[in-house]
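Here the structure comes first, spelled out in structure tokens, and everything after it is commentary.
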Ligand code: HEC
């Protein structure tokens, strides 16, 4: 009995000193914890979208964007979730503002996976006069969007979406998801002269239209002659242009559906259906690639010269 009482008293004292110790540890830790950033506490840092305007840059957190008075809820067609998701979104034009030098006529949109779309600023501005309207959809980390098709990640935290994409014929590669940065830039042919068809190319030559198609649909992942900002896919000119080692039918098949030509688990390129790339656009693209092969090889226009991208 006595033993029991003594040990009970003893345990009570030990318990009390433990409590004092624990409380003082907690008090010691609290101020430290509150000055730590989310990342230091092991939580993911709050996502940030950077907007570069030449020498200056603004940075917006997801919460800052979501609490803007011009934030709306919208559902769009043509997005990666096939309009199953209601986005909370901010009008892109309002975010970008208008205060840039006139030669910075392109908005470069960089994504986390290395995809880089070069979007004409005029296309975004058309939204104010009856064209498709661009928004930055912002994922709320408390209510994440569904995973992307065949992927584990979502399209968030920032996704450039278009309302009424048909009004300005928005291309499939002009919907960059997992955005990290938007910045004003000079147009691609000014930054990378090697993307331009030779000056003596006829004004109405399909290759000229093909150059536009390439910049919109292929440049987000492929460089050409080193020109471009993405290394997601191979350079389509260096060291060899695909018109020089693929048959025309093979090249067209890869563009329409790469898996119809060769397939492996890590394959990334998704093909372009006729809705995304018309037959006229595809013809123009092949003409462009062939023109560029001839130009960079310094070849004559001799159709019998087999080393110059001709078959
Ligand atoms: C979303 C990124 C992406 C886009 C957009 C894209 N490609 Fe690709 N492409 C790739 C990747 C990555 C590869 C390498 C193979 C793979 O992983 O699919 C590739 C491979 C290729 C190849 C095969 C090259 C070889 O020798 O293996 C050709 C040709 C090609 N792309 C042409 C095009 C054309 C033309 C366009 C525009 C209409 C285009 N690609 C748009 C990512 C892309």
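The values are calculated or read from the model by the stated rules, or taken from the named source; none is laboratory data. Being a predicted model, the structure only gives us computed values, none of them experimental. All Cβ positions, even for glycine, are placed from backbone atoms using ideal geometry, and neighbour counts span all protein chains on display.
In this entry, residue 107 is excluded by the filter for residues that are in contact with a strand residue (DSSP E or B) (Cβ under 6 Å, 6 or more places away or on another chain), outside the structural domain of residue 216 (by TED's automatic domain parsing), modelled with pLDDT under 95 and closer than 26 Å to residue 212 by Cβ. Do we have any residue at all in region 148-159 that's within 17 Å of the chain's Cα centre (by Cα), assigned by TED's automatic domain parsing to the domain that holds residue 93 and closer than 17 Å to residue 217 by Cβ? No, the conditions are met nowhere in region 148-159. Total residues in region 219-261 satisfying the condition of being within 17 Å of the chain's Cα centre (by Cα) and more than 10 Å from the ligand (Cβ to nearest atom): the figure is 3. With respect to the conditions (1) without any contact (Cβ under 8 Å) to a residue 40 or more places away in the chain; (2) in contact with a strand residue (DSSP E or B) (Cβ under 6 Å, 6 or more places away or on another chain), residue 220 lacks only one, and its number is (1).
Restricting 166, 212, 173 to those that are more than 14 Å from the chain's Cα centre (by Cα) and in the same structural domain as residue 106 (by TED's automatic domain parsing) reduces the list to 166.
Does at least one position in region 197-211 carry a residue that is within 10 Å of the ligand (Cβ to nearest atom) and at pLDDT 95 or above? Yes, there is a match, as at least one residue in region 197-211 is within 10 Å of the ligand (Cβ to nearest atom) and at pLDDT 95 or above. For residue 180, the requirement of being assigned by TED's automatic domain parsing to the domain that holds residue 93 and either crowded, with 20+ Cβ neighbours inside 10 Å or more than 12 Å from the ligand (Cβ to nearest atom) (or both) is met. Yes or no: residue 268 within 7 Å of the ligand (Cβ to nearest atom), closer than 21 Å to residue 189 by Cα and not assigned by TED's automatic domain parsing to the domain that holds residue 112? No; evaluated as a whole, the condition is false for this residue.
Within region 103-156, the residues that satisfy the criterion of being surrounded by fewer than 18 Cβ atoms within 10 Å (Cβ to Cβ) and within 16 Å of the ligand (Cβ to nearest atom) are 112, 113, 114, 148, 149, 150, 151, 153. When region 157-175 is limited to residues that are closer than 16 Å to residue 85 by Cα and more than 16 Å from the ligand (Cβ to nearest atom), the one that is surrounded by the fewest Cβ atoms within 10 Å (Cβ to Cβ) turns out to be 164.
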